[in-house]
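**Q** Here it is, the structure, as structure tokens.
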Amino acid sequence: MAEQKDTKQDKVGKVLSILKKEYPFEGLLLGFLGALVLVLGVYIFEGEVLEIRFTDLWIFNTPLKITIFSIIVMLVGAVALIMAVGPFFIPGLKEMNRVTWPNKPTIYNNFSRVLGFIVVLGAMFILYDAVFSPVFNFLYGLGA
């Protein structure tokens, strides 16, 4: 009797380990199907590309019910898409909590350096244009 309990627990453990295992294609498939369902929901909502004509069922017998159905379909597609894309962003959010952000004086110092570099680079391009544009105009006038 004790051996049977162990085997049942082993079977449950094996089933849970199989269910917990992540397969690489699941996220891709869920994202694809979520996007497809979202697009179909939008098409049903618009009613021009995809129209529900079978209105004998109680869920499709009024335009308001068709609109509610299309919104539910769009929500299901959006949730599936978020569930597919979400695992890619969760590690990034955890990492963002570990980041040490600079204080205000450091930010102002770096901002002023970048702004100064942009001004100097812009002035350099303006000077190059002022110096070389007569030379190029002369060369263009010669037919070169």
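**Q** Provide, in order from the shortest bin, the percent of all Cα-Cα pairs of segment 44-106 in each 5 Å bin, continuing until the bin that contains the maximum pair distance.
**A** 3, 14, 14, 13, 9, 8, 8, 7, 7, 6, 5, 3, 2, 1
**Q** I've got another one for you. How far is it, in nm, from the label point at L93 to the one at L50 when both lie 7 Å from their Cα along the line to the Cβ?
**A** Those two pseudo-labels are separated by 2.9 nm.
**Q** Given the Cα-Cα distance of Y140 and I71 and 0.36 nm per residue of separation, how much length would full extension add, in nm?
**A** Answer, rounded to one decimal: 18.5 nm.
**Q** Full-extension gain between M83 and L115, please, as 0.36 nm times their residue separation minus the C-alpha to C-alpha distance.
**A** Computed gain between M83 and L115 is 7.4 nm.
**Q** I've got another one for you. Determine the gain in length on full extension of the stretch Y43-L64; use 0.36 nm per residue of separation and subtract their C-alpha separation, reporting nm with one decimal.
**A** Difference between extended and current length: 6.0 nm.
**Q** What Rg and what Dmax come out for segment 100-144 when only alpha-carbon atoms are used, in angstroms?
**A** 19.1, 60
**Q** Taking the simple approach of a point 7 Å from Cα along Cα-to-Cβ for both K14 and A35, what is their distance in nm?
**A** 3.8
Just so you know, all these numbers are worked out from the coordinates, no wet-lab data involved. Quantities reported herein were computed from a predicted structural model and do not represent experimental measurements. Heads up, the Cβs are rebuilt from the backbone with ideal geometry, glycines too, and the neighbour counts pull from every protein chain shown.
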